[in-house]
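Chemist: Below you'll find the structure I mean.
Nothing in this text is a laboratory measurement; each read-out follows from the coordinates by a stated rule. Computed from a predicted model, the values in this text were never measured in an experiment.
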Amino acid sequence: MSKSSSHVALNLLLQQVLDGDLLPEDPSNLRIGMLRARAHPDLARLARNPAVESLSLQSTFKPDVNALQALGLTVSESLSGVFDVMLFVPTRQRRESLACYVEAMQMLRPGGRLIVSCANDMGAPSYEKALRKLAGLRGARSKAHSRLFWTEAGGEFDPALAAEWVKAAEPTTVPGTDFVTVPGIYGWQKVDQGSQLLAKFLPENLSGSGMDLGCNYGYLAHALLSRADGVKCLHLVEAEARALACARTNLAAFSDVDLRYHWLDVAETHIEHLDFVLLNPPFHAGKETDYQLGKSFVETACRSLRRGGRLFMVANQFLSYEDVLARELSRHERLTVESGFKVLTGVK
């Protein structure tokens, strides 16, 4: 989901909830929940609304959690309880979003309202149709290249369809592998091509303490630990809690290694004096290329190394990280260029 699309949809949702007619008439003591919440100043405004008794926000993505907390809001990895209103902006993964529909509906009191906002270019008509199939619709409107639509609990509801959607979003395995994954995390249906390439260049003699920065479901860490017996401690750093949970499962067999799991945004990652770091840096924020995001990963990786520590990374060939490596490391080199990717290594 691009920043512009998600922002427009979220902005419309909160604007209509705060200033429109979507809350119950003569509201008071409202319990409002939001799944996959993202930061927006109007969420703080909603929390201060005299009619709102509580605003419960859910997110498993650490940068979003941090941004929401910076607004003075409380966020948790999961929601519990009964709500009068649930808010939702569909994510970029359909299976995840449809399961969120079911979760939201099951947490509403009878007569409680689920309000969804989706940008047209992110499939708003399809998501509106899906909610209609699950629980009917009580209303819909178009504005700002988005669709806002809502339904209420206690009326029609298709339990068989709900069960189908929940099952489709459960943890599964990457096709052709034993790696556990879950819809909604990055690359959940595949082994990343860049990571596969980097894995070929991980030396068997790596030893000591290291880090897989942005470990996702643990593919690179698994490749390393399967060949490098000298690794004693490995830090697994990941911003998405659901991906980190998959990594725990996928690396459970390596019980002789001190595996340390960290749910962190790259900006708050301060692990130092490492012998090596593995890195396949992200460079997208939604659909948009974010070069600075990738550079921040490379900078953090380099600064985490002890003097003499080694960096092994892969990147798309068109992305230039060599300037960061030249600034942060004593030396670096390109090991290969294949299929649009490059493998880089360096020494602190």
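Chemist: If you fit an axis through the alpha-carbon atoms of helix 124-135 and take the longest principal axis of the Cα set of the chain, what angle between them do you get, 0 to 90°, nearest 10?
Modeler: 60
Chemist: One quarter of the convex hull surface, Cα atoms only: what value does that give for region 91-168 in nm²?
Modeler: 4.6
Chemist: Sequence gap of 8 or more, or different chains, plus Cα separation below 28 Å: how many lysine pairs satisfy both in region 3-168?
Modeler: 8
Chemist: Using Cα atoms only, what is the angle between the long axis of helix 159-168 and the major principal axis of the chain, expressed in degrees (0 to 90) to the nearest 10?
Modeler: The two axes meet at around 10 degrees.
Chemist: Here is a follow-up. Along region 230-244, what does the Karplus equation 6.51 cos²θ - 1.76 cosθ + 1.60 (θ = phi - 60°) give for ³J(HN,Hα), rounded to whole Hz, x for Gly and Pro?
Modeler: Along region 230-244, the couplings run x, 6, 9, 9, 9, 8, 9, 10, 8, 7, 9, 4, 5, 5, 5 Hz.
Chemist: Which distance in Å, rounded to a whole number, links the C-alpha centroids of region 181-259 and region 2-42?
Modeler: Here the two parts' Cα centres lie 37 Å apart.
Chemist: Based on alpha-carbon positions alone, could you give the equivalent ellipsoid semi-axes of region 197-348 from the gyration tensor, as √(5λ), descending, whole Å?
Modeler: Value: 22, 18, 15 Å, ordered largest first.
Chemist: I want to check a number: in region 172-347, how many lysine pairs have alpha carbons closer than 18 Å, given a sequence separation of 8 or more or different chains?
Modeler: 4
Chemist: Using a 10 angstrom cutoff on alpha carbons, build the Gaussian network for the chain and name the most mobile of Ala124, Ala245, Ala70.
Modeler: Maximum fluctuation in the GNM of the chain, among the listed residues, is at Ala70.
Chemist: Using a ≥ b ≥ c from the Cα gyration tensor of region 3-168 (square roots of the eigenvalues), is it rounded, prolate or oblate, where a/c under 1.5 gives rounded and otherwise the larger of a/b and b/c decides, a/b for prolate?
Modeler: Since a/c stays below 1.5, the shape of region 3-168 is classed as rounded.
Chemist: Once you have a ≥ b ≥ c as the square roots of the Cα gyration tensor eigenvalues for region 38-114, tell me rounded if a/c is under 1.5, and otherwise prolate or oblate according to whether a/b is larger than b/c.
Modeler: Note, shape of region 38-114 comes out oblate.
Chemist: How high is the relative contact order of region 172-347, in percent, with contacts defined as C-alpha pairs under 8 Å that are six or more residues apart?
Modeler: 18
Chemist: List the residues whose amide H sits under 5 Å from the amide H of Leu108, counting only those 5 or more places along or on another chain, with H placed 1.01 Å from N in the peptide plane.
Modeler: So Leu108 has HN proximity to Phe83.
Chemist: Given springs between every Cα pair under 10 Å in a Gaussian network model of the chain, which of Gly154, Gly112, Gly176 has the largest fluctuation?
Modeler: Largest GNM mean-square fluctuation: Gly176.
Chemist: Right, another one. With an 8 Å Cα cut-off and a minimum separation of 6 or more residues, compute the relative contact order for the chain in percent.
Modeler: 12
Chemist: What are the residues whose amide H is under 5 Å from the amide H of Leu335, where those residues sit 5 or more places off or on another chain and H is modelled from the backbone?
Modeler: Val343, Leu344, Thr345
Chemist: Note down the relative contact order for region 1-123 as a percent, whole number, built from C-alpha pairs under 8 angstrom at least six residues apart.
Modeler: 30
Chemist: Quick one: helix 3-19 against the long Cα principal axis of the chain, what's the angle to the nearest 10°, folded into 0 to 90?
Modeler: For 3-19 against the chain, the angle is about 30 degrees.
Chemist: Also, quick follow-up: Out of all DSSP beta bridges with both ends in the chain, state the antiparallel percent to the nearest 5.
Modeler: 45
Chemist: Specify which labelled value, from [x] 65, 51, 43; [y] 67, 38, 34; [z] 70, 43, 38, agrees with Cα extents along the principal axes in Å derived from the coordinates of the model shown.
Modeler: [y]
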